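Colleague: Quick one: this structure, given as structure tokens, is what I'll be asking you about.
The values are calculated or read from the model by the stated rules, or taken from the named source; none is laboratory data. Computed from a prediction, not measured in an experiment: that's the story for all the values here. We place every Cβ from the backbone using ideal geometry, glycine too, and count neighbours over all the protein chains shown.
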Amino acid sequence: MADEKMQKEGMMEEKEIFVLTDVSLITCIVQRGLADIVVNAATDAGAQGGTVYFARGYGIRERLGTLGVAIEAEKEVIMIVVSDEQADRVFERIYTTARLSTPGMGIMFVSRLEKAATYIPPEVIANMRRNRRKALGENG
Amino acid sequence: MADAGFSGGMLITCILPKGSAIPLMKKLREEKGLTAMSFHHARGAGRSGRSRHGLGHYVENHVITIAVDEEQAEDVFNFIYVTANIGDDHNGLLMMEKLHMLSPFTLPEGHLDE
């Protein structure tokens, strides 16, 4: 996630806060057992990872398949945070790999995040500081 | 819906190592007065644990979801960052997104402090 724009938010109890801006959250809801395929597709397309949890779906399932048994009610929800520039690529890769165009397979949506924060390797922070100093030097 | 008088807010989602959610929620309640929050279990996989044949192992996580007023959001975000040491390696992910509408949640007066 090194290509997201980073901002130094300020100090709180003498601790620097680094946040990532221009990031999006991809949420994908699929049938139970398919989360690995989704997370694999996302990481192949450049995402750093994903978080998976179980949920129960309810909707038009009863109208699909024989007595509604064809569509698994148990779902897996996958959350993947990506940079805005990666979002389209990761979204498309998941869509094709998990075959979301198949009816009843699942849904996926992207929401824009105001900001995010996580561990940022020290070398990335050092690089960012160097670039900032350079930019300030160029601007006088 | 605008007539209903609901204003927007922020949704803060925090993915933490297993076992971190309840102590953090307790602090948020005691120190920030938050009540509209919940947590659930999840599993996380990333590039760091990945093998040549695909995904490596999953790690158990706790995911906290907090709805806050826009004015309070920055403060709560920073508080979680510092309290949960989000900036340290393998300590999770914190994110914040804008909510179009947020219903107010208040507890009845004199509720049991459980």
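Colleague: Can you say whether A:Ala45 is at negative phi, at pLDDT 95 or above and either out of contact with any strand residue (DSSP E or B) (no Cβ under 6 Å at 6 or more places or on another chain) or away from chain B (no Cβ under 12 Å) (or both), as far as the supplied structure shows?
Modeller: Yes, satisfied.
Colleague: Kindly indicate the residue of the range A:48-58 that is surrounded by 14 or more Cβ atoms within 10 Å (Cβ to Cβ) and of a type in the set (Phe, Trp, Tyr) and also nearest to the other protein chains (Cβ to nearest Cβ) among those meeting that condition.
Modeller: This residue is A:Tyr53.
Colleague: Can you tell me which residue is modelled with the lowest pLDDT among those in the range B:43-58 that are facing another protein chain (nearest Cβ under 7 Å) and under 16 Å from B:Gly19 (Cα atoms)?
Modeller: Here the residue is B:Gly44.
Colleague: Residues in the range B:59-66: is at least one at pLDDT 90 or above and on the phi > 0 side of the Ramachandran plot?
Modeller: no
One line per residue, one yes/no per condition, for (1) modelled with pLDDT under 95; (2) assigned to a helix (DSSP H, G or I):
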{"residue": "B:Asp3", "(1), (2)": "yes, yes"}
{"residue": "B:Thr13", "(1), (2)": "no, no"}
{"residue": "B:Leu16", "(1), (2)": "no, no"}
{"residue": "B:Gly19", "(1), (2)": "yes, no"}
{"residue": "B:Glu30", "(1), (2)": "yes, yes"}
{"residue": "B:Leu34", "(1), (2)": "yes, no"}
{"residue": "B:His41", "(1), (2)": "no, no"}
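Colleague: Kindly provide the set of residues from the range B:67-78 that are touching a strand residue (DSSP E or B) at 6+ places or on another chain (Cβ under 9 Å) and either surrounded by 19 or more Cβ atoms within 10 Å (Cβ to Cβ) or free of Cβ contacts under 8 Å to residues at least 12 places away in the same chain (or both), ordered by number.
Modeller: Listed by number, the residues that qualify are B:Ala67, B:Val68, B:Ala73, B:Glu74, B:Val76, B:Phe77, B:Asn78.
Colleague: Of the residues in the range A:20-41, how many are at the interface with chain B (Cβ under 10 Å from one of its Cβ atoms) and either in a loop (DSSP other than H, G, I, E, B) or not hydroxyl-bearing (Ser, Thr, Tyr) (or both)?
Modeller: Residues that pass the stated criteria total 8.
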